[in-house]
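Below is one structure, written out as C-alpha cells; comments come after it.
Please treat every number below as a calculation from the coordinates, not as lab data. None of these values were measured; they are calculated from a predicted model. Neighbour counts run over all protein chains shown; Cβ positions are idealised from the backbone, glycine included.
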Amino acid sequence: MKNIVTFILLISCWATANLQAQQVSPRVLKVASSKAGNYIYLAGRDEVVGKDTTLMKATDYFIIKRMPFVLVTDSTKAKAALKNFKTIGKAEKASTDKDLKQLFNESDLADVKKYLGTKTNKELLDFVDKHISANDYGFLYSIIETRMMLGQVYLDTDVRDGEVMYYQVIRVDKNKKEFPWGVAVAQSKVGNYALPYLKPKISAVQSSDSSVSITWKLKVSEAMINKFPKPTMRASFDPNGDLLSVPFPLTALSGRVVPARQGIVVPGIKIIPNINRTQDTLTYSYLGTVSKDEQFTAYLMVEDEIYNQGAHSDTAIVFGVGARSIPLIYGIRVTEVMNGIRIAWDKLPNKPYITGIEITRYDSEDKLLQLGILSAIDTTYTDYAINVGDHYRYQVRALFVHGIGITQVAPAQGVGAYTKFSKPLPPYNLAVANKGSNVALTWQATDEPGFYGYFVYRGTSPKKMYLVAGPMKDKKYTDTSESLSGRSQYYYAVKNQNLRNDTSMYSNIVTIIPIKKIDVVAPTNIDFYYVNGKLRIQWDDSRTQDNAIETFLLQKRKKGDTEYVTMKPKEVGNAFLMDSLIQRGTTYQYRVASVAFSGDISAYSAVTEYSLAKPKIETVNEFYVRNVTAGVEVGLPEIVYSNRKGYTIYRRNAASGDFVKVHTMPSDSFVFTDEKIEKGQTYIYAISITENDGKEGEMGFSRSVSR
C-alpha cells in the first residue's frame, strides 16, 4: 500500500505545480466498489461542516479523471504516467428532473420530497442548491443517492471486474477555476468481502389479525473484520490484498427485508437498525400489515450504503392470527376402552398455521412422556402402552408453525385408568435360519395393548417343547445354547403374553438342524476282490454303529505319490466301490472316511495297499535257423505285437558252454544273420521277449544248426 500512496502523492504534487494556486492540500479520497462500479466519495460530513465548508459552498462541480494502474517509484515516471489520465465525467448537484429520475424511482422520489418538506421536483432542486450540510437531510444523508444528488459522490460504472484504477479529482469553483481536490485508487467490483459472513438471526416474531412484527439481531464489532478472509482475486502488485478493505463500519449496515404474501414476493423495504450501548449488536425491526389467516414470510439481508449485500437470515413464517383469535383445544374426554385409554377432543378448524396436535402423559410417578404428534385433523388417540391399574394424566395441545410466536401455553387435561384386557394374539410368520453355529429366529406380531413380552419354546418334538427364552420385546431371538447338536432336529415356537399374564397360542412351528460339527465313526477293514478286470474295494459299514452317517468318501493314490485323489462318485452310498482303473504291476493305496448327513467327515481309515501282478511274459517257440553264405540266419514270424519292445537272441556251442547274448533287435525286425561262427561246429539258438516296460522274459524253445 505504501507504493500506491506514494504514487498518488507524486501525481498530486505534480498536478499542484501545473494548476492554479490551491487553497487546500490534495487528499486521498475514500472509494468503495460494488457490482455497479466504483463509488468515489468527494466529500462527507466532515468536509461539509468542517474546515472545507467554505470551499464546498464555493464549488460548482468536480471533474473526475481516471487512468489504469501503473506502478512507478519516482517523480519522473509519475510525470510520464500522468499523460494517461482521461476525464470520465463530473460530479455536480442535481439540477434537472432528468437528474432526479436517474437517481430515484417514482416512489422513492416521492418519499424524499415528503421527508424534506418539498412538494415538487423544482422545490426539491431548489432545496438541494441551497443546502449542502448532512444535518439538512437527516437519515437521507446515509442513502448514497442523496449524496450523489448533492454532487458529493461519483459512480464510475465503466469498469471491469478486478481491474485497478487511479482517479484524480479537480474542484471547479463558481468562477470556473480549477483546483486539485484529491486522488483515489480502487480495485473494481470486488464488493464488501465482510458481508457474506454476517447473517442476521430471527429474534422475535409477533402477529395479530392485521399486523406482523419481526425482529432480527446481528452481532457486529470492528474486531470481527480481522477474522474475515479476504477474497483471493487480487491485483498482481498487491499479493497481501491491501486494496481489499471493508469500506464501511459494520455498525452502519442497513437491512433489506424481502417479504412475501401467500408465497408471492412483494417489494422489499430498507430499514435502519438500532445499535446497543456496547456497540456490538444491531437490531432490525420490521412492522407490516397482514390479512386474517394470510401467510406472510420475510427474510432480512444486510447491505452497505452502496448495495453490497450479505447472507440473508432464515425465513420467518407468520400468519394473520393473534393470541386472542387462535383456535385452541380447550377440553378433552378420557374413557377406558378394551386394552387402553382413549382421549377425544373437538376437531380444530382447517387453518394453514396449525401443524398438529401433541399428546403427553404423566404417569403415577409424575413422569412426563410425549406419546406422539398427530395431524391437525385428528380428534382421538388411544393409549395402549400403559400398566394395569395405574392412573394417568393426559395433556393435549395444538401445535403451530414454528417461529410465528404463538403457542398453546395451557394444554387441555384429563385423567384415566387401565383395567380392561383381551387375550393376546399369537405371533405369526415365524422363520428360522442357521447363523453360524447358532439358530436365529424372527417373527411378526400384531402390536397389542397391554403387551408384556414374547417367549420362545424349543424341543426335539413338536408335541414336547420347553421354554428357552423370554420375556423379550424384540421380534427376534438367537439361540446360542452349547447343548444344540448337529445330530438333532429342533422345533421352535413363540408365544405372546400381556400384562395380566394371559398367554397366546403357539405361533407356527418351525424346524431346523443346527450347523454344528458332528464326530462320526470312521470305517475299518478295507478288503479287495479283483473280478473281470475290476477291483472291488469294500469296508465295514460304519452306518451300523452311527446313524448320522449317510455316505462314504474313498480316496486312492499310487504308492510313492504324495496326494490322494477322491474317487468318483465323490460320495459313495454303499460300503464298496468298483475301480476299473487298475494297472498290473502298480501298487495302490486306499483309505475311506464316513460322511455325516451334515457334511461332516470322519477321520480316514488306515491305509490299505493293493497290487495286481503282471502276467508272465510269453516265450518265443516258433522261429527258424539255417545256413546262409554269410553265416547262420535266425528268423521270426513277421508279426508286430503292441506290448513288445524287442527281441534278444542267445547262442551256445552244442559241445559245451552257456547261452550268450549275440544280438538285440526291435519288435518290428524279424531276421538276424549271425556271422561270428566257425565251420564244423554245431550251434544252438534261443530267443527271449522284452516288453515295453523294459522287462525281459525267459528264453523259449531252442533250435540247432551245424555249420
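Among N627, T54, A110, flag the residue with its Cα farthest along the positive direction of the charge dipole of the chain, charges on Cβ as +1 for Lys/Arg and -1 for Asp/Glu. In the chain, that residue is T54. Semi-axis lengths, largest first, of the ellipsoid equivalent to segment 310-458 are 39, 24, 13 Å, with √(5λ) applied to each eigenvalue of the Cα gyration tensor. Distant-in-sequence amide contacts of E618, defined by a placed amide H-H separation under 5 Å and a gap of 5 or more residues or a different chain, comprise nothing. Rounded, prolate or oblate: which fits segment 195-319, taking a ≥ b ≥ c as square roots of the Cα gyration tensor eigenvalues, rounded meaning a/c under 1.5, else prolate when a/b beats b/c? Cα axes put segment 195-319 in the prolate bin.
The HN-Hα couplings worked out from phi for segment 157-170 by the Karplus form 6.51 cos²θ - 1.76 cosθ + 1.60 (θ = phi - 60°) are 8, 8, 9, 10, 4, x, 6, 9, 10, 9, 10, 10, 10, 10 Hz, whole numbers, x standing for Gly and Pro.
For segment 321-367, which GluC sites (Glu not before Pro) are both in a DSSP coil and crowded by at most 12 other Cβ atoms within 10 Å? Please report the intermediate quantities before stating the final value.
Values: sites: E336, E358, E365; in loops: E365.
Loop-located and lightly packed - E365.
Compute the Cα gyration tensor for segment 527-611, then decide on rounded, prolate or oblate, letting a ≥ b ≥ c be the square roots of its eigenvalues: rounded whenever a/c is under 1.5, prolate when a/b is larger than b/c in the other cases, and oblate in all that remain. Because a/c hits 1.5 or more and a/b exceeds b/c, segment 527-611 counts as prolate.
Per the helix-only calculation at 222 nm, which mean residue ellipticity applies to the chain, given -39500 (n - 2.57) for every DSSP H run of n ≥ 4 and division by its residues, nearest 500 deg cm²/dmol? List each step's numbers first, then the result.
Details: 8 runs with 68 residues, N = 707.
Theoretical 222 nm ellipticity from helices: -2500 deg cm²/dmol.
Pop the C-beta distance of E336 and L425 into the FRET formula with R0 = 22 Å and round what comes out to the nearest 0.05. Each step should come with its number before you reach the end.
Numbers: r = 21 Å, r/R0 = 0.95.
That gives a FRET efficiency of 0.60.
Would you mind calculating the relative contact order of the chain from Cα pairs under 8 angstrom and at least 6 residues apart, reporting the percent as a whole number?
On the way: 1564 pairs, mean separation 49.3, N = 707.
Value for the chain: 7 percent.
Sorted largest first, the principal axis extents computed over the alpha-carbon atoms of segment 428-512 equal 41, 25, 21 Å.
With the simple spin-label model, which puts each label point 7 Å out from Cα in the Cβ direction, the F597 to Q102 separation comes to 10.3 nm. When Rg and Dmax are taken over the Cα atoms of segment 369-455, they come to 19.8, 60 Å. A simple spin-label model places the labels of F228 and I275 1.5 nm from each other, with each point 7 Å out along Cα-to-Cβ.
May I ask which residue of I582, F237, I509 lies farthest towards the positive end of the charge dipole of the chain, with charges of +1 (Lys, Arg) and -1 (Asp, Glu) on Cβ and the Cα centre as origin? Positive-end residue among those listed: F237.
Any chance you could check the Cα centroid distance between segment 142-165 and segment 250-269 for me, in angstrom? Taking the Cα centre of each part, segment 142-165 and segment 250-269 sit 24 Å apart. Under 5 Å from the amide H of G646 lie the amide H atoms of S667, T690, each residue being 5 or more positions distant or on a separate chain, with H modelled from the backbone and absent for Pro and chain starts.
Could you give the length gained on full extension between D390 and T289, defined as 0.36 nm per residue of separation minus the Cα-Cα distance, in nm? Mind dumping the intermediate values first?
Working: separation 101, 0.36 × 101 = 36.36 nm, distance 5.12 nm.
Additional length available on full extension: 31.2 nm.
Segment 623-690: which trypsin sites (Lys or Arg not before Pro) are DSSP loop and have at most 13 other beta-carbon atoms within 10 angstrom? All intermediate terms of the calculation are to be shown ahead of the outcome.
Details: sites: R626, R644, K645, R651, R652, K661, K676, K679; in loops: K676, K679.
Filter output for segment 623-690: K676, K679.
The distance separating the Cα centre of segment 444-469 from that of segment 275-309 comes to 64 Å.
Couplings for segment 140-145, taken from phi via the Karplus curve 6.51 cos²θ - 1.76 cosθ + 1.60 with θ = phi - 60°, read 4, 5, 7, 8, 4, 5 Hz in order; Gly and Pro are left as x. Label-to-label distance for N175 and S481 is 11.9 nm, based on points extended 7 Å past Cα in the beta-carbon direction.
How big is the gap, in Å, between the Cα center of segment 531-587 and the Cα center of segment 209-236? Each part reduced to its Cα centre gives a spacing of 89 Å.
Under 13 Å from the Cβ of Y457, count the other residues' Cβ atoms, weight Lys and Arg +1, Asp and Glu -1, and hand me the total. Can you show the working numbers first?
Working: positive: R458, K463, K464, K495; negative: D479.
Around Y457, the charge tally is +3.
Couplings for segment 82-99, taken from phi via the Karplus curve 6.51 cos²θ - 1.76 cosθ + 1.60 with θ = phi - 60°, read 4, 5, 7, 5, 10, 6, 10, x, 9, 10, 8, 5, 4, 10, 9, 4, 4, 4 Hz in order; Gly and Pro are left as x. Annotation: peptides 370-381, 202-213, ranked by per-residue average of other Cβ atoms within 10 Å with the highest first, follow the order 202-213, 370-381. Relative to the Cα centre, the charge distribution of segment 624-706, modelled as +1 at Lys and Arg Cβ and -1 at Asp and Glu Cβ, gives a dipole magnitude of about 200 debye. Rounded to two decimals, the Cα-based Rg/Rh of segment 332-417, with Kirkwood Rh, is 0.99.
Which value, in debye to the nearest 20, describes the size of the charge dipole of the chain about its Cα centre when Lys and Arg Cβ atoms bear +1, Asp and Glu Cβ atoms bear -1, and nothing else is charged? Before the final figure, lay out each step's value.
Values: 88 positive and 73 negative charges, 205 e Å.
That gives the chain a dipole magnitude of about 980 debye.
The GluC sites (Glu not before Pro) of segment 540-628 that DSSP puts in a loop, and whose beta carbon has at most 12 other beta carbons within 10 Å, are E563, E622.
For the residue pairs K122/K199; K616/K676; K30/K57; K57/K98, the alpha carbons lie more than 30 Å apart in K122/K199; K616/K676. Taking the Cα atoms of the chain, the ratio Rg/Rh between the radius of gyration and the Kirkwood radius comes to 1.43.
Sorted from greatest to least, the principal axis extents spanned by the alpha carbons of segment 624-706 come out as 40, 25, 18 Å. For T673, the residues whose amide H sits under 5 Å from its own are V634, ignoring neighbours fewer than 5 places away on the same chain, with H placed 1.01 Å from N.
Does segment 129-175 classify as rounded, prolate or oblate by the C-alpha gyration tensor (a ≥ b ≥ c root eigenvalues; a/c under 1.5 gives rounded; else a/b over b/c gives prolate, otherwise oblate)?
oblate
Placing unit charges on each Cβ (+1 for Lys and Arg, -1 for Asp and Glu) gives the chain a dipole about its Cα centre, and among T566, S542, Q187 the Cα reaching farthest toward its positive end belongs to Q187.
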